[in-house]
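A.B. asks: This is the structure I want to talk about, given as structure tokens.
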Amino acid sequence: MTSAMIANNPLFNWLLGYETKRKKLLKRVPDGALKDFLSVPFPDLKTPIQQIPILSVDFETTGLDAKQDKLLSVGFVEIDHQQIKLNSCYHQIIKTKAQLEESNVIIHHITDEQKDRGEKLRIVVEALLKALTGKVMLVHFARIEKQFLQQACFELYGVIPPFPMIDTLVLAKRKLDKRDVAYDPSELRLSSLRHKYKLPEHHAHNALNDAIATAELYLAQTSKQRKKQQITLKDILL
């Protein structure tokens, strides 16, 4: 591969950028959960999708602006060799001083009393980083999880770590775009996609429930691809 080809190869740039940033940050951060997370290389892009170590993650927040709003709850579950490990389930409400709006409470059903009894942000982020170490994060609509997690790390550690992600919404969008016909954006909602794959209804807007629902959707989306050995992490990465 020529130098020009390398410079224009997005996969090469992705790997170089993420790994370079990981190694640089590793030298700067103190001992602890973030350093432990950065100490382990990200999964190789050539990893077959059936062997990718995955953590399915979902957040509930007080709003959509990561700089002004706050993380309210975190839920996650592991996927190991195409199996959802329910014994790895984690769900925690986070204590925050932010006053909850009634319209927000209606969606996530977390009350001021519950969040006042929640865990500190640092403790929850440390648990998430520990679970994420050596894995790829799986989400539905990556903007929320990416921005809020990076903002939380910036507040706690003063740095913004890289987080490789697979997005079930993007996987669905890529498939729809290949049809080259118009579609309703509502088709990309988690509940709509689960219905399309004949998955059961789930109790939405609970971080753990949505993390499990996303994990189930991912396995359904990639069921045919898993039989093709040539399908690797680079083919489905965000």
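A.B. asks: Could you check segment 54-149 for strands (runs of 3 or more DSSP E) lying wholly inside it with 3 or more residues that are open to solvent by 50 Å² or more (accessible area, probe 1.4 Å), in contact with a helix residue (DSSP H, G or I) (Cβ under 9 Å, 6 or more places away or on another chain) and at pLDDT 95 or above?
C.D. replies: 83-93
A.B. asks: Taking the condition of being surrounded by 15 or more Cβ atoms within 10 Å (Cβ to Cβ), over 16 Å from LEU55 (Cα atoms) and of a type outside the set (D, E, K, R), how many residues in segment 19-37 meet it?
C.D. replies: Adding up the residues that qualify gives 5.
A.B. asks: For segment 202-230: of the residues being closer than 30 Å to ILE94 by Cβ and assigned to a loop (DSSP other than H, G, I, E, B), which is most open to solvent (accessible area, probe 1.4 Å)?
C.D. replies: My answer is HIS203.
A.B. asks: Please verify whether ILE166 is at negative phi, open to solvent by 10 Å² or more (accessible area, probe 1.4 Å) and of a type in the set (A, V, I, L, M), treating the condition exactly as stated.
C.D. replies: no
A.B. asks: How do the pairs read when you match residues in segment 210-238 that are at pLDDT below 85 with residues anywhere that are among the small types (Gly, Ala, Ser), using Cβ under 7 Å and keeping only pairs 6 or more apart or on different chains?
C.D. replies: Matching pairs, first to second residue: none at all.
A.B. asks: Taking only segment 182-201 into account, find how many residues are over 13 Å from PHE141 (Cβ atoms) and open to solvent by 50 Å² or more (accessible area, probe 1.4 Å).
C.D. replies: Selection size over segment 182-201: 10.
A.B. asks: A follow-up question, please. Cβ-Cβ under 6 Å, sequence separation 6+ or interchain: first residue in segment 134-162 and closer than 22 Å to ILE52 by Cβ and basic (Lys, Arg), partner open to solvent by 10 Å² or more (accessible area, probe 1.4 Å) and not in a helix (DSSP H, G or I). Which pairs?
C.D. replies: From residues that are closer than 22 Å to ILE52 by Cβ and basic (Lys, Arg), the pairs are LYS135/PRO53.
The values are calculated or read from the model by the stated rules, or taken from the named source; none is laboratory data. Treat the numbers as computed from the prediction; the structure is a model and nothing was measured. Using ideal geometry, Cβ is built from the backbone for each residue, glycine included, and neighbour counts are taken over all protein chains shown. Please note that ligands, DNA and RNA were not included when accessible areas were found on the heavy atoms of the full protein model with its side chains. Shrake-Rupley method; radii C 1.70, N 1.55, O 1.52, S 1.80 Å.
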